[in-house]
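S.K.: Sharing a structure, written as C-alpha cells. Questions coming.
The values are calculated or read from the model by the stated rules, or taken from the named source; none is laboratory data. Computed from a predicted model, the values in this text were never measured in an experiment. Here Cβ is always computed from backbone atoms with ideal geometry, including for glycine, and neighbour counts include all displayed protein chains.
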C-alpha cells in the first residue's frame, strides 16, 4: 500500500519514538541499579461522534472552461470586461463595428413593414382567421339576444310571482288583524266580568262587616252607660264595686271589637281582588291594543313591500325589454359588418404578397443575426480567464485576430499574422470548483459518492473548506507499482481566494456514528473473540465489563453494554525504567495524541495519528 502523508508521519513518529527509547536505554543503561515503574493510565467513556477518515492530496480544478469567439468578422471597437472579472450569462463581453450591420437591419425592417402592410390591406375580411373571428362575433351577438330574451321572461315571471306572494302576505296580515280584534273583544268581556264579580263580592263582604261594626258599637254604648251607672254609686258597696269592674271589662272588650270591625271595614274598602281585576283589565286592554297596532303595521309593511316589489319588477321588465331591443340591433349590426368583411381577395394576389412578406422576413432575420453577432455575449456564467485581442484589431468569425498584437490575458503573448484558433477569450467557471486527487485502491474502496470531506489549501493555510465526493473513477492508474483511483470532490462554498491549480489536502469521512458511547481505542481489549473494558471502581479496583464494539474510528471506538458516559476505564499499563532513588509518575486520559503515543506499543491504537489512514 502506498504511504500517504499521514501514514508517512506515523512512521516518522514511530522511528523517533524507537530512537528515543534506544537513546534512553543507552544513556541510563540496564535497570540493574534501579527498578521498573508501572505507570497507571486511564480514559473516560464519553458520548459523541466516532468517525474514520482517509486523507490524500490533489489540486483545485475548474471543470468548465469555455472558449468564446465572435460569430462575425469586423473591427474590434470595445472590450467590456477584464481578466479576472466575473460575468453573467448573456452579458456583453465585446463589440465589433456595427455600422454596416445596423443600416442593413433598418433597411430590411422597413421592407418587411411595407410588405406586411400591403398584404394586410389585401386580406381585409378574407383570411380564415378573420372569418373565424366574424363567426365568433355573430354567435356572440345571437347569444346576447337569447340572453336578453331569457332575462325578459325571467323578469315577467318574477313580477307574477311577487304579485301573488305579496298579495297573499297582505291577506294574511289582514286575517291576523281580524283574529286579534276578536281576541281583544273576548279578553275585554272576560276581564270586565271578572271585575264585576270581584266588586260584588267586595260590596257584600263590606255590608256584613259594616253591620257587625254597628252592632258592636251599639253594645259598646250600652256597656258604657251601664258602667257609668254602676261605677257612680256612692258610697260604693261590694256589689256595686263588682258590677263596676265587670262593666269596665265588658266595655273594654266592646272597644276592642269595634276597633277590629273598623279595620275589617277599612280592608273591605281596599280589597285586593277588585284592584287586581281592574289591573288585569287595564293590562289586557293595553296588550291587545299593542297586538292590534302590530297587526296594522304588518298590513302597512306588506302593502309597502307589494308596491315596491311590483315597481322593481316592472322596472326590471322595462330594462330587459330595452336589452332585448339593443341586442337585436347589435346582432343586425354585426351581421351587416360581417357581410362587408367576407369578400375574399384573389388567390394569386394573396400568394404574391405573402411571398413578398416571407422574403422580407428572411432578409430581416439575416440582418438581425448579423447585427446581433457584432456583440459578443457570455454563453454562461463564469470568470474571464484570458483575452486575446485589443480594440482596433480586425477579428474573424470563430477565431482571434489576423494581425500581430500583444495579448491582454494572464501573460503577454504575440499572435502571428495568420488567424489563431484560441478564440477571442476564455471563460472559467470559478463557482463550481473541484479538487481532483488520487487515492490508493485500499482506501478508494471506502470512499462513496456524497461522502463529506474537508479541504485545506497550501495557499490558504488558515482556512478549511467543506466539500463532498462527486465522482469515484471506475478505472485506475498505476504509479510506482501502486494502484490509484481518481476521486473528484466538489467544494461546497465558493471563495474568491481559491484559484484553479492550488495544491489541496483532503480528508474524506468514510464512516461516522453520532451520539454514541465511545472510548479511546486502546481501552478496548479482546479475549477469546469477546471485547471488554476494565472499569475503575470507586475503591480503585478494576471490573471487567463486556462490551459490543461498533464503529472503530481513527482515535476512538464505539461501544455498547453495561457502561455509561463518564465511566473511567483502565488503559494498558506502560512499564518505564527508573533510576535508584527516583520516582516517576505518569497518568493520562487516553485521548488525543498523548493517548496514542502511550498506549502499549509505539502507536498502540490509543488515538493520535494511527487511525487516519493505513
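S.K.: Scanning for something part of a loop (DSSP other than H, G, I, E, B) and at pLDDT below 95, does segment 523-536 turn up at least one residue?
M.R.: Within segment 523-536, one or more residues are part of a loop (DSSP other than H, G, I, E, B) and at pLDDT below 95.
S.K.: Can you tell me which of 194, 173 is within 60 Å of the chain's Cα centre (by Cα), within 30 Å of residue 296 (Cβ to Cβ), assigned to a helix (DSSP H, G or I) and at pLDDT below 85?
M.R.: It is 173.
S.K.: Quick check: is even one residue across segment 373-391 within 22 Å of residue 68 (Cα to Cα), surrounded by 14 or more Cβ atoms within 10 Å (Cβ to Cβ) and in contact with a helix residue (DSSP H, G or I) (Cβ under 7 Å, 6 or more places away or on another chain)?
M.R.: Yes, some residue in segment 373-391 is within 22 Å of residue 68 (Cα to Cα), surrounded by 14 or more Cβ atoms within 10 Å (Cβ to Cβ) and in contact with a helix residue (DSSP H, G or I) (Cβ under 7 Å, 6 or more places away or on another chain).
S.K.: Provide a single number: the residues in segment 223-252 that are within 27 Å of residue 208 (Cβ to Cβ) and in contact (Cβ under 8 Å) with a residue 12 or more places away in the chain.
M.R.: Number satisfying all stated conditions: 4.
S.K.: Hey, among 483, 478, which residue is touching a helix residue (DSSP H, G or I) at 6+ places or on another chain (Cβ under 6 Å) and either under 22 Å from residue 503 (Cα atoms) or modelled with pLDDT under 90 (or both)?
M.R.: Exactly one of 483, 478 is touching a helix residue (DSSP H, G or I) at 6+ places or on another chain (Cβ under 6 Å) and either under 22 Å from residue 503 (Cα atoms) or modelled with pLDDT under 90 (or both), namely 483.
S.K.: If the Cβ limit is 9 Å and pairs must be 6+ apart or interchain, which residue in segment 537-563 that is on the phi > 0 side of the Ramachandran plot and outside the structural domain of residue 515 (by TED's automatic domain parsing) pairs with which residue that is crowded, with 22+ Cβ neighbours inside 10 Å and part of a strand (DSSP E or B)?
M.R.: Every condition considered, no pair remains.
Yes or no, residue by residue, for (1) modelled with pLDDT of 90 or more; (2) loosely packed, with under 14 Cβ neighbours inside 10 Å:
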{"position": "417", "(1), (2)": "no, yes"}
{"position": "429", "(1), (2)": "no, no"}
{"position": "433", "(1), (2)": "no, no"}
{"position": "451", "(1), (2)": "yes, no"}
{"position": "460", "(1), (2)": "yes, no"}
{"position": "473", "(1), (2)": "yes, no"}
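S.K.: Let me ask something else. Need the failing condition index for residue 212 against (1) at pLDDT below 85; (2) under 30 Å from residue 309 (Cα atoms), just the number.
M.R.: Going through the list (1) at pLDDT below 85; (2) under 30 Å from residue 309 (Cα atoms), residue 212 breaks only (2).
S.K.: Let me ask something additional. Quick one: would you say residue 205 is closer than 20 Å to residue 268 by Cα, in a helix (DSSP H, G or I), modelled with pLDDT under 80 and in the same structural domain as residue 279 (by TED's automatic domain parsing)?
M.R.: Judged against the criteria, residue 205 is a match.
Yes/no per residue for (1) assigned by TED's automatic domain parsing to the domain that holds residue 141; (2) without any contact (Cβ under 8 Å) to a residue 12 or more places away in the chain; (3) loosely packed, with under 14 Cβ neighbours inside 10 Å; (4) closer than 26 Å to residue 152 by Cβ:
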{"residue": "303", "(1), (2), (3), (4)": "yes, no, no, no"}
{"residue": "309", "(1), (2), (3), (4)": "yes, no, no, yes"}
{"residue": "315", "(1), (2), (3), (4)": "yes, yes, yes, yes"}
{"residue": "332", "(1), (2), (3), (4)": "no, yes, yes, yes"}
{"residue": "344", "(1), (2), (3), (4)": "no, no, yes, no"}
{"residue": "366", "(1), (2), (3), (4)": "no, no, yes, no"}
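S.K.: Check whether at least one residue in segment 114-129 is under 48 Å from the mean Cα position of the chain (by Cα) and part of a helix (DSSP H, G or I), and report yes or no.
M.R.: So far as segment 114-129 goes, yes, one or more of its residues are under 48 Å from the mean Cα position of the chain (by Cα) and part of a helix (DSSP H, G or I).
S.K.: Check whether at least one residue in segment 217-226 is in contact with a helix residue (DSSP H, G or I) (Cβ under 6 Å, 6 or more places away or on another chain), assigned to a helix (DSSP H, G or I) and over 27 Å from residue 268 (Cβ atoms), and report yes or no.
M.R.: There is at least one residue in segment 217-226 that is in contact with a helix residue (DSSP H, G or I) (Cβ under 6 Å, 6 or more places away or on another chain), assigned to a helix (DSSP H, G or I) and over 27 Å from residue 268 (Cβ atoms).
S.K.: Here is a further query. For residue 569, are the conditions met, namely being at pLDDT 95 or above and not in a loop (DSSP other than H, G, I, E, B)?
M.R.: Answer is yes for this residue.
S.K.: Only one of 327, 266 is closer than 30 Å to residue 220 by Cα and either at pLDDT 85 or above or surrounded by fewer than 14 Cβ atoms within 10 Å (Cβ to Cβ) (or both). Can you tell me which?
M.R.: Within the list 327, 266, the selection yields 266.
S.K.: Listed residues 108, 86, 94; which is over 22 Å from residue 391 (Cα atoms) and surrounded by 13 or more Cβ atoms within 10 Å (Cβ to Cβ)?
M.R.: 108
S.K.: Sticking with this one: Among the residues of segment 449-489, which ones are in contact with a strand residue (DSSP E or B) (Cβ under 7 Å, 6 or more places away or on another chain) and outside any strand (DSSP E or B)?
M.R.: 449, 450, 451, 458
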